[in-house]
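Below you'll find the structure, written out as structure tokens, and then a few comments.
The values are calculated or read from the model by the stated rules, or taken from the named source; none is laboratory data. Model, not experiment: these values are computed from the prediction. When we count neighbours, we look across all protein chains shown, and the Cβ atoms used for this are built from the backbone with ideal geometry, even at glycine. To get the accessible areas, we keep the full protein, side chains included, count just its heavy atoms, and leave off ligands, DNA and RNA. Shrake-Rupley method; radii C 1.70, N 1.55, O 1.52, S 1.80 Å.
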Amino acid sequence: MVNLLRLKGKALFNASTIMAGVGFLLFGYDQGVMSGVVANQSFKEYMGMGTEESYNSALIGAIVALYEIGCMAGALSTGKVGDWLGRRKTIRLGCAILCVGAVIQTASINVGMMIFARIFTGIGNGLNTATIPVYQAELSPPKNRGAHVSFEAALLAFGVGIAYWLEFGLYFVDGEFPWRFPLAFQMFFGLILLVGTYFLPESPRWLQSKDKEEECKMVLARLWTDEDTTHPRCIAEWEEIRDGIELERREGIRSYKELFSKGRMNNRYRVLLGMGGQIMQQFGGINGIALCMHAHARPRIISYYLTDIFLQAGMTHAIAMLMAGVDSIFYFLGALTPIYTIDRYGRRFLMYAGLIGQAVTLIIVGAAQYCVEAGMTQASPAVIVFVILYNAIFGAAWLGLAWLYPSEIFPTALRAKGNSMSTGANWLGNFVVAMIAPVLFQYAKYWTFLMFGILNILFLIPIYLWYPETNGKSLEEIEVLFANDDFKADARSIAPSIGNSSALEEKRDVERGSRVPSIASRPASVVKEAPNTDSAAAQIKNEYDEKADGPNYK
């Protein structure tokens, strides 16, 4: 029987990926759960908004949108908290806060209590969303880091689906239970993740940054071998981590001041890329696309108000909730595809493909919505179909990309801070779009869809100009990739091990046919063209998996 406290090799990699996925499943569930709650008549009555006269759309909007402010606050705090507590303890703290917030939401007796609970819950979710991608990226091997983080994003979509289908089933139950239970059910996933962190190791890069060298080596040994700290593969990665952190220490980068300074490592450039990717995700339309089925329909935001949207389309409440569940299935299916494509085609290819696909579908939606507003109601199905298709395309590209790219591009000393800023930008963009979308739909109407479509086209420009490919590189290679020429020259002389493990690993996999070569050309190592023969990494043989205790031995 597997000793859960001492998972090793592939079992440990799989466990860490699953637990990270549970964290994003919780994130998705939390995003989708309010769709059914705010549409529930019992909830409206309990909050004093059960009639048309007493209904306050602004107050409902505050209950939903202020959650994002809590998420942004939690995400921004990880810059300090994540470096202080480490990745695992930060996730535990986020889960604990989220569970307490879920209890308060479930027990809410008035609007004020519900708003406080939503903000408090958001702080915990913000901590998790800013930390989990970093933890997963720091644990994953270069060749499938993209697939691991994309798996998290896929479970985000799955979490949205769970929320929709649960609320559809509870629609046929009377009383307060149909809206209180879904709010309480958040704790189930939060407790799984909290307990799961006790079976997982700390990030080896965080350990090395805190001078816990032996613990770092042991984590690598558990990941790649049967706890053999002398195995060449473990030594190779440890050398990379050690040299990368030493390079950072020579630059003295630790504070927010260095994060927003150019310096030799171009940290400001990295921050702008990370935050820019998250802003592009939000302003690509995912949280601003509403289905205005007729000229006088009240606009709603799709991620939070999908059930209400279908109600406004003339559907019964039950059918509206069913359609929300159907939409979530296509969203999830789209989100599964990057697990198989992102490490094969590369980050940039999916960025381009996602933006183009989103632009095309939104422009078609805008044209169909124009017809609806002109009285041609037969165009309504086209609006529904292409919004669902838009969601699937978004899931296949930008859903995971916006979380993956920032987790890769920062040096270890600034990774928590940099990712906290990019995640904070995500939540800020989420909030802004959620606030302005109703106004846009009221006054701009079908032009709103066209505007988001045009923005997707414009976003192709910064991707082409400023976003380099990171596919297949170790985090230490990426660390040097963004630096200036002087820093790269220093890396060649004092950090010769950077690039060894990823280059040898790719060479070994391709030669043995165990991995399809990436169609996205892997940029040559920014440190060296070939592995350093003086490094322990050079001892790795192409057939090292034949050793009984070889990498990912089971």
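Hey, can you tell me all the residues within region 471-488 that are outside any loop (DSSP other than H, G, I, E, B) and surrounded by fewer than 18 Cβ atoms within 10 Å (Cβ to Cβ)?
ASP485, ASP486, LYS488
Of all residues in region 464-491, count the ones that are on the phi > 0 side of the Ramachandran plot and β-branched (Val, Ile, Thr).
In the first step, residues of region 464-491 are kept if they are on the phi > 0 side of the Ramachandran plot; the result is 472.
Add one more test, that the residue is β-branched (Val, Ile, Thr), and what stays is none.
Looking only at that region, the number is 0.
Condition check ((1) among the small types (Gly, Ala, Ser); (2) touching a Ser or Thr at 6+ places or on another chain (Cβ under 8 Å); (3) open to solvent by 10 Å² or more (accessible area, probe 1.4 Å); (4) under 19 Å from GLY28 (Cβ atoms)) across all residues:
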| position | (1), (2), (3), (4) |
| --- | --- |
| ALA62 | yes, no, yes, no |
| GLY79 | yes, yes, no, no |
| ARG87 | no, yes, no, no |
| THR90 | no, yes, no, no |
| GLY94 | yes, yes, no, yes |
| GLY101 | yes, yes, no, yes |
| SER108 | yes, no, no, no |
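Quick test of your reading of the structure: PRO468 fulfils all but one of (1) closer than 30 Å to GLU251 by Cβ; (2) open to solvent by less than 50 Å² (accessible area, probe 1.4 Å); (3) in contact with a Gly (Cβ under 9 Å, 6 or more places away or on another chain). Name the failing condition by number.
In the conditions (1) closer than 30 Å to GLU251 by Cβ; (2) open to solvent by less than 50 Å² (accessible area, probe 1.4 Å); (3) in contact with a Gly (Cβ under 9 Å, 6 or more places away or on another chain), PRO468 misses (3) alone.
Go over the candidates MET435, MET421 one by one and state the one that is open to solvent by 10 Å² or more (accessible area, probe 1.4 Å) and over 30 Å from ALA367 (Cα atoms).
Numbers: MET435 fails: over 30 Å from ALA367 (Cα atoms).
Sole residue among the options that is open to solvent by 10 Å² or more (accessible area, probe 1.4 Å) and over 30 Å from ALA367 (Cα atoms): MET421.
Among the residues of region 438-453 satisfying the criterion of being open to solvent by 40 Å² or more (accessible area, probe 1.4 Å) and in a loop (DSSP other than H, G, I, E, B), which is farthest from GLY357 (Cα to Cα)?
LYS445
On the given criteria, is ARG145 among the basic types (Lys, Arg) and either under 23 Å from the mean Cα position of the chain (by Cα) or crowded, with 24+ Cβ neighbours inside 10 Å (or both)?
Working: among the basic types (Lys, Arg): yes; either under 23 Å from the mean Cα position of the chain (by Cα) or crowded, with 24+ Cβ neighbours inside 10 Å (or both): yes.
Against the criterion (among the basic types (Lys, Arg) and either under 23 Å from the mean Cα position of the chain (by Cα) or crowded, with 24+ Cβ neighbours inside 10 Å (or both)), ARG145 qualifies.
Hey, ASP545 hits all of (1) closer than 30 Å to ASN14 by Cβ; (2) at pLDDT 90 or above; (3) not in a loop (DSSP other than H, G, I, E, B) but one; which does it fall short on?
Failed condition: (2).
Of all the helices (runs of 4 or more DSSP H) wholly in region 128-225, which have at least 1 residues that are under 22 Å from ALA107 (Cα atoms) and touching a strand residue (DSSP E or B) at 6+ places or on another chain (Cβ under 8 Å)?
none
Can you say whether ASN456 is in a loop (DSSP other than H, G, I, E, B) and either surrounded by fewer than 19 Cβ atoms within 10 Å (Cβ to Cβ) or out of contact with any His (no Cβ under 9 Å at 6 or more places or on another chain) (or both), as far as the supplied structure shows?
no
Hey, does region 246-267 have a residue that's open to solvent by less than 30 Å² (accessible area, probe 1.4 Å), at pLDDT 85 or above and outside any helix (DSSP H, G or I)?
yes
Could you list, in sequence order, the residues of region 374-386 that are open to solvent by 50 Å² or more (accessible area, probe 1.4 Å) and either assigned to a helix (DSSP H, G or I) or touching an Asp or Glu at 6+ places or on another chain (Cβ under 7 Å) (or both)?
Passing the criteria: THR377, GLN378, PRO381, VAL385, PHE386.
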